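Comments concern the structure below.
The values are calculated or read from the model by the stated rules, or taken from the named source; none is laboratory data. A quick note: this is a predicted structure, and the numbers were derived from the prediction, not measured. Heads up, the Cβs are rebuilt from the backbone with ideal geometry, glycines too, and the neighbour counts pull from every protein chain shown.
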Amino acid sequence: MGESNRGDILTVSNLHHTYLQGTPLAQPALFGVNLVIPAGSCVAIIGHTGSGKSTLIQHFNGLLRPQMGEVVVNGARLSNPQVDIRAIRQQVGLVFQNPEDQIFERLVGDDIAYGPLKQGIPLSEVVQRAKWAMGVVGLDFDEMKNRSTFAMSGGEKRKVALAGVLVLRPQILVLDEPTAGLDPRSRRDLLRRIRDLNRSEGLTVVFVSHNMEEVAYLADTVYVLAAGHIAFHGTPRELFGALDERPDLQVGAPPGVEILRALHSRGYHVDTTRFTVPEVAEEVAAAASGQRGPAAAAEPPSGDLSAPPTAWEGPAHRREPDGRHPHAHAEDRGDAHGR
Ligand SMILES: Nc1ncnc2c1ncn2[C@@H]1O[C@H](COP(=O)(O)OP(=O)(O)OP(=O)(O)O)[C@@H](O)[C@H]1O
Ligand SMILES: [Mg+2]
């Protein structure tokens, strides 16, 4: 992963990009984007379809060059035509949104080994690295190395494309929707491994995602792109706490936050600014134990607890351990409300 750096490893200032510039089909995609990636951070880039996320991150390894503005990677200015772009690509590993754009070789092992062999790394080390990279994405080396890349599912292709970038051991890993098309278990395993690489090995990670659960789990910083400009920049806590005031961002809350909001609207004194799974579990447990329930509050609950349960709720269908319905007796109501 290279040595650990201090400060900002990648900065973007006033970046503009127009596809097919100077033609009648010109399509502006980025308008004055500013962004900073501190070394060792995990940054999420989110936003609507077509907001410019892929265009932006394709500037990070020099695949797209700044038409106006600047991108600086470890001090190297990518607007400079003389910049050593091969050196930049060794530092910044970019995994495309579409894995088929990234896979060229016929066999999985050859495809993953291609980059490091081209860099002149000895075969024995390439094999060690390929085993490690395939392990990170959950592919068995012996089982997969001779599989045909043409005869793979979309999720397998995505894993191979990611392994083919990890094997280069970049300092910055840039992922465009890394879990799209993966089954829930592969998705969870991959997120956990990316998180480990970031938290334990200090790998700087930038990822594009439409999934707020992923953002809540992985990111320490979030940029929201809207129509080619940065509409919000902050921590996930700041973002999820600002959603009511910022409907313009068109960002949804992670499911845990929705659960806490539903509890809150029913009079439970839960902290709706908490959003990670362990935090949400703590709040729900506190509510369930009666510590945060409306019965404990001086004010009556704002939600109508006699109303029919909503789809997620269902306490009216739940039985107490002794088999009684929780609302069966008037004297039980305080307890039932305290849940
Ligand atoms: N190769 C291209 N030629 C012309 N226009 C393009 C090209 N690629 C993207 N665009 C346009 O640039 C804008 C930004 O596209 P981009 O792919 O960066 O969006 P995105 O945020 O990654 O979207 P998604 O969430 O769908 O992946 C869109 O209006 C898109 O139509
Ligand atoms: Mg995209």
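Some points to look at:
- Enumeration of residues in segment 163-193 that are under 20 Å from Gln58 (Cβ atoms) and either of a type in the set (Val, Ile, Thr) or over 15 Å from the mean Cα position of the chain (by Cα) (or both): Gly164, Val165, Leu166, Leu168, Pro170, Gln171, Ile172, Val174, Thr179
- Segment 72-108 - residue that is part of a helix (DSSP H, G or I) and in contact with a helix residue (DSSP H, G or I) (Cβ under 6 Å, 6 or more places away or on another chain) and, of those, nearest to Gln119 (Cα to Cα): Val108
- Among the residues listed as Ala151, Ala216, Ala180, Ala163, the single one being over 24 Å from Gly47 (Cβ atoms), buried (at least 17 other Cβ atoms within 10 Å of the Cβ) and either aliphatic (A, V, I, L, M) or touching an Asp or Glu at 6+ places or on another chain (Cβ under 7 Å) (or both): Ala163
- Every pair of residues 6+ apart whose Cβ atoms lie under 6 Å, when the first sits in segment 34-58 and is assigned to a helix (DSSP H, G or I) while the second is near ligand 1 (Cβ under 7 Å from one of its atoms) and among the small types (Gly, Ala, Ser): Lys53/Gly47; Thr55/Ala29
- Residue check for Arg129: buried (at least 18 other Cβ atoms within 10 Å of the Cβ) and within 23 Å of Glu177 (Cβ to Cβ): no
- Applying the condition of being of a type outside the set (A, V, I, L, M, F, W, C) and in contact with a Cys (Cβ under 8 Å, 6 or more places away or on another chain) to segment 205-241 and asking which residue is nearest to ligand 1 (Cβ to nearest atom) yields Thr221.
- Between Val83, Val165, Val136, Val95, the distinction of being in the same structural domain as Met212 (by TED's automatic domain parsing) and either within 15 Å of Leu197 (Cβ to Cβ) or acidic (Asp, Glu) (or both) belongs to Val95 only.
- Pairs where the first residue, in segment 81-94, is in contact (Cβ under 8 Å) with a residue 12 or more places away in the chain and the second is of a type in the set (Val, Ile, Thr) and assigned to a helix (DSSP H, G or I), C-beta under 8 Å, 6+ apart: Gly93/Val165; Leu94/Ile57; Leu94/Val165
- Total residues in segment 59-98, condition in contact with a strand residue (DSSP E or B) (Cβ under 7 Å, 6 or more places away or on another chain) and either under 20 Å from Thr18 (Cβ atoms) or not small (Gly, Ala, Ser) (or both): 25
- When restricted to residues that are touching a Gly at 6+ places or on another chain (Cβ under 7 Å) and not in a helix (DSSP H, G or I), segment 212-245 contains 6.
- Restricting segment 41-67 to residues that are more than 15 Å from ligand 2 (Cβ to nearest atom) and over 15 Å from the mean Cα position of the chain (by Cα), the residue that is surrounded by the fewest Cβ atoms within 10 Å (Cβ to Cβ) is Gln67.
- Summed over segment 142-172, residues that are touching a residue at least 24 places away in the same chain (Cβ under 8 Å), in a helix (DSSP H, G or I) and not aliphatic (A, V, I, L, M) total 8.
- Some residue of segment 173-181 being touching a residue at least 60 places away in the same chain (Cβ under 8 Å), in contact with a Cys (Cβ under 9 Å, 6 or more places away or on another chain), of a type outside the set (Gly, Ala, Ser) and part of a strand (DSSP E or B): no
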